[in-house]
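K.L.:
Sending over a structure as structure tokens; questions will come in a sec.
The values are calculated or read from the model by the stated rules, or taken from the named source; none is laboratory data. The structure displayed is predicted, hence computed values, not measured ones. Positions of Cβ are backbone-derived with ideal geometry, glycine not excepted, and every protein chain shown enters the neighbour counts.
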Amino acid sequence: MRDELSKEPIGYLVASPWIVELMMQELEAEFFSANGAAMYIPIVASPDAELRQKFDSVNIPVRGTYSAEEVGLIASECSKCPGFFHVAKSNVVVEVEPFPGFGAGQSRTGKVLVTHLHSYATPFIRYDLGDIASLSPSCECGHNGPTLSNIIGRSKALLKHADGRYSVFHLRGGQMAEAIELDEYRIRQTTLTDIVVEIARERDISAEECETVRSLVRKFSGDEFNIHILSVRNIDWGESKKRLGFRNELLARDL
């Protein structure tokens, strides 16, 4: 990986936080700066504070965008307040709709609905993206316009509990890589009581390693789930281009 990335100046680094966290297990932040990384543009999800700090320490700005294939740009990340996204009012109207079982006490947190202002052949009106986020009338930086924050991403990235609650499942790729040697991994909620963890690598996983991974997953899921560890040589991602570290298959069917 180091040799490949060193061949040409990196320029704009466009990748999901999970991929970058795994890269950071082998490469230090200074490597990206020394090899011409001008900016990190996260996709799929927003990076956490720890990953942002690593790029900040070598003066590489992190600027995310929030978009959808159906409508294009929805919002751009604020340059002063990380994690806050100014809505592109000239392109879309954004609303949030309450999401049952999630975001108690956050009156404007819910499912993201967008209306595309320039879609004529196939109008998108209050189109449900399947994402969860918070919507405010302004940004903390002083921007006087609709602002999205707490963008969790696809609601399929939430855990669904047996009592009807939803919770965020945010186990980072770097944490998995620290817990066990792996090439790649995938975590799936398959039932209200079961979570399946696939670990891909050449050699089998020991019983001790299984328990290490199981304990790590339970830190984020709670004790109510059965955690099943599968040792595989390769993960079948299907036709999806987004190799998500976690996917809720219950919500993939329901939503």
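K.L.:
Would you confirm, using the coordinates I've provided, whether residue 51 is under 21 Å from the mean Cα position of the chain (by Cα), under 29 Å from residue 159 (Cβ atoms), assigned by TED's automatic domain parsing to the domain that holds residue 36 and crowded, with 20+ Cβ neighbours inside 10 Å?
P.N.:
yes
K.L.:
Taking the condition in contact with a Gly (Cβ under 8 Å, 6 or more places away or on another chain) and surrounded by 17 or more Cβ atoms within 10 Å (Cβ to Cβ), does residue 62 pass?
P.N.:
No, not satisfied.
K.L.:
What is the one condition in (1) part of a helix (DSSP H, G or I); (2) at pLDDT below 95; (3) over 23 Å from the mean Cα position of the chain (by Cα) that residue 220 does not satisfy?
P.N.:
(3)
K.L.:
Any chance you could count how many residues in the stretch 25-37 are more than 22 Å from the chain's Cα centre (by Cα) and surrounded by fewer than 16 Cβ atoms within 10 Å (Cβ to Cβ)?
P.N.:
3
Conditions tested, residue by residue: (1) buried (at least 17 other Cβ atoms within 10 Å of the Cβ); (2) of a type in the set (Gly, Ala, Ser); (3) over 20 Å from the mean Cα position of the chain (by Cα).
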{"position": "120", "(1), (2), (3)": "no, no, yes"}
{"position": "127", "(1), (2), (3)": "yes, no, yes"}
{"position": "132", "(1), (2), (3)": "yes, no, no"}
{"position": "139", "(1), (2), (3)": "yes, no, yes"}
{"position": "167", "(1), (2), (3)": "no, yes, no"}
{"position": "175", "(1), (2), (3)": "no, no, no"}
{"position": "181", "(1), (2), (3)": "no, no, yes"}
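K.L.:
Let me ask something else. Among all residue pairs at least 6 apart or on different chains, which show Cβ distances below 7 Å where the first residue, located in the stretch 79-101, is on the phi > 0 side of the Ramachandran plot and assigned by TED's automatic domain parsing to the domain that holds residue 131 and the second is at pLDDT 90 or above and among the β-branched types (Val, Ile, Thr)?
P.N.:
From residues that are on the phi > 0 side of the Ramachandran plot and assigned by TED's automatic domain parsing to the domain that holds residue 131, there are no pairs.
K.L.:
Within the stretch 124-169, can you find the residues that are touching a His at 6+ places or on another chain (Cβ under 9 Å), modelled with pLDDT of 85 or more and not β-branched (Val, Ile, Thr)?
P.N.:
Matches in the stretch 124-169: 124, 127, 139, 141, 143, 145, 146, 148.
K.L.:
May I ask you to list the residues in the stretch 191-214 that are in a helix (DSSP H, G or I), more than 22 Å from the chain's Cα centre (by Cα) and surrounded by 11 or more Cβ atoms within 10 Å (Cβ to Cβ)?
P.N.:
If the condition is that a residue be in a helix (DSSP H, G or I), more than 22 Å from the chain's Cα centre (by Cα) and surrounded by 11 or more Cβ atoms within 10 Å (Cβ to Cβ), then 209, 210, 211, 212 are the ones that fit.
K.L.:
Could you grab the pairs with beta carbons closer than 9 Å, sequence gap of 6+ or different chains, first residue in the stretch 165-185 and more than 17 Å from residue 202 (Cα to Cα) and in a helix (DSSP H, G or I), second one hydroxyl-bearing (Ser, Thr, Tyr) and modelled with pLDDT of 85 or more?
P.N.:
173/185
K.L.:
Return a yes/no flag: does the stretch 37-47 have any residue that is outside any helix (DSSP H, G or I), small (Gly, Ala, Ser), at pLDDT 90 or above and outside the structural domain of residue 177 (by TED's automatic domain parsing).
P.N.:
Yes, the conditions are met somewhere in the stretch 37-47.
K.L.:
Sticking with this structure for a sec: Among the residues of the stretch 3-24, which ones are crowded, with 20+ Cβ neighbours inside 10 Å and among the acidic types (Asp, Glu)?
P.N.:
The answer is 21, and nothing else.
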